[in-house]
Amino acid sequence: MTLTSHPIRRHDHLTFNGNLRHTRHGWLRLTPAYSVNLVNDILSSVNGGTGIVLDPFGGTGTTALTCAERGIQCDTTDINPFLLWLTSAKAAVYTPCDIERFKTEVERVSESLAAGHTDQPLWIPALHQIEKWWDETTLASLAAAMATINVIAMQEPDSVSNLLRVTFCRIMIESSNASFAHQSMSFRKNGNQAPLIPIRYLWDETADLIARSAASPVLCEPRAISCDARDLLRVLSPQHYTCVITSPPYPNRMSYIRELRPYMYWLGYLTDARQAGDMDWQAIGGTWGCATSNVGKWTPDKPQPVPFPEFTLILKKIADSSDTLSRYVHKYFYDMITHVDSLYRVMAHGGSVHYIVGNSKFYNVLLPVEQIFSALFENAGFRDITITPIRKRSSKRELFEFVVSAIKP
Ligand SMILES: C[S@@+](CC[C@H](N)C(=O)[O-])C[C@H]1O[C@@H](n2cnc3c(N)ncnc32)[C@H](O)[C@@H]1O
């Protein structure tokens, strides 16, 4: 294993902050996303854009869209249905006719937003303490807009309703009381107030931006496939992919489901809290709702030691402060062993993998995530493994992001 190093600073262009708002990459700025610049750099360095790319933890579709824009064939998998929908919507080809129809329907939604009601009773999602998210007037306007979009969806092709839903998601979050100033979502301190910009204006402005970026060329639509990354062969072909670019969930207790709740409730991907916990329990590293109590009781169901010499000692040190956290870290890497073995089988010989990972720290115990991934790759049969630090993370002093790369011989 080689450790490449160069000066590390905070490189904002290597985070999702680099994914410009006026492009498709900036349609929804969600916490799980990584940087389009990073994906482009790796694609240019590996194979000049040929071959078949896979992103097994596709998230918001950054790898898929970058490949689509460059004309590279890409498959992406995830277990979250909302993110799969978003990836397909972001990386679809929109014809001039689709965009014209979208603009016409934008007017209809705009009118319902102004009225704040429809002829039917308004549905609002069962999001816990929804009154913390939006004031009453904004919530009524959003409900009216969603009702209109649902009617339009029965009359128009998916391309048009998808663009309306993306626009909705963006104004829904921008008109909310949510703050994304920290690593995970919280509510703004000054309480729930009506947004400063009238919601109809926000809608019109956002729709205009989405219409312009949807016209940007997509040369090769990706496939967004529902699949657990621990069992890739269930849906993917063996020895098929020449390049993998991905960022798996980090072992830092961040829950994607928690962050994505408002989107998932409004679009009908979640209907109650129990479902959210169950979905997060399926995610590697999930910790929301019942996933936390499940992890507190978790034990490996087969002997599968993590092939990193200090791993047992690290678990023991974490367990001295929290037994649950120690089990959490153990389960994370236990799942990753299964994933890496499954990944090896779908990779073509000579293919390269590139994992963007961050290290973690629990109770002063540093978890060298990049080195453990390197050990997992080696153990599965990958060779020529390198670890390249790419940036310092904003949170704690010792926390960095790395690219761990390897080749399947
Ligand atoms: C760090 S995010 C990926 C972000 C992505 N690079 C982007 O730019 O949006 C990790 C993703 O892994 C997904 N995930 C977690 N467990 C999974 C599993 N078992 N199989 C497939 N995907 C999983 C999560 O739903 C999340 O979308």
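Here is how the numbers come out for the structure above:
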| item | result |
| --- | --- |
| Fully extended contour minus Cα-Cα distance, from Glu205 to Ser186, at 0.36 nm per residue | 4.3 nm |
| Mean Cα-pair separation over length for region 83-149, i.e. relative contact order, pairs under 8 Å, 6 or more apart, % | 41 |
| Computed accessible area, His349, all protein chains, 1.4 angstrom probe, square angstrom | 120 |
| FRET E, pair Lys297, Arg234, Förster distance 25 Å, beta-carbon r, rounded to 0.05 | 0.40 |
| Spatially proximal lysines relative to Lys132 (Cα-Cα < 19 Å; intrachain offsets below 8 disregarded) | Lys189 |
| Free-standing Cys, the chain [no other Cys Cβ under 4.7 Å] | Cys97, Cys169, Cys220, Cys227, Cys243, Cys290 |
| Too-long pairs where the Cα-Cα distance tops 25 Å, listed order kept, from Lys90/Lys331; Lys316/Lys392; Lys297/Lys392; Lys316/Lys361 | Lys90/Lys331; Lys316/Lys392; Lys297/Lys392 |
| Pairwise FRET efficiency - Ser216 versus Thr104, Cβ, R0 = 30 Å, nearest 0.05 | 0.90 |
| Given charges at beta-carbon only (K, R positive; D, E negative), |dipole| of the chain in Debye | 1160 |
| Label-to-label distance, nm, for residues given as Ile407 and Met154 (7 Å Cα→Cβ offset) | 5.8 |
| Prolate/oblate/rounded label for the chain (Cα gyration tensor, a/c 1.5) | prolate |
| Rounded to the nearest 10 Å², the accessible area of Asp228 at probe 1.4 Å | 40 |
| Relative contact order %, the chain, counting alpha carbon pairs below 8 Å whose residues are six or more apart | 20 |
| Nearest-20 debye value, region 58-109 charge dipole, Cβ charges on Lys, Arg, Asp, Glu | 60 |
| Spin-label pair Lys132/Ser321, simplified geometry with 7 Å Cα→Cβ offset, distance in nm | 2.5 |
| Among Val306, Pro238, Val109 - extreme Cα towards positive end, dipole of the chain, charges at beta-carbon | Val306 |
| Mean residue ellipticity (222 nm) of the chain, computed from DSSP H runs ≥ 4 via -39,500 (n - 2.57), nearest 500 | -14000 deg cm²/dmol |
| Net charge, Ser326 excluded, C-beta distance under 9 Å - Lys, Arg +1, Asp, Glu -1 | +1 |
| Simple label model, 7 Å out from Cα along Cβ direction - Thr386 to Asp341, nm | 3.0 |
| Cα centroid of region 305-335 to Cα centroid of region 254-279, whole Å | 28 |
| Angle between the chain longest axis and helix 81-90 axis [Cα atoms, degrees, rounded to 10] | 70 |
| Tilt relative to the chain, helix 36-46 - C-alpha long axis, 0 to 90 degrees, to 10 | 40 |
| Heavy atoms of Trp123 accessible to a 1.4 Å probe, total area in Å² rounded to 10 | 120 |
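The values are calculated or read from the model by the stated rules, or taken from the named source; none is laboratory data. Fair warning: this is a prediction, and the values are worked out from it, not measured in the lab. No Cβ is skipped: glycine too gets one built from the backbone with ideal geometry, and neighbour counts run over all protein chains shown. Quick note on the areas: whole protein, heavy atoms, side chains included, nothing else; ligands and nucleic acids left out. Shrake-Rupley method; radii C 1.70, N 1.55, O 1.52, S 1.80 Å.
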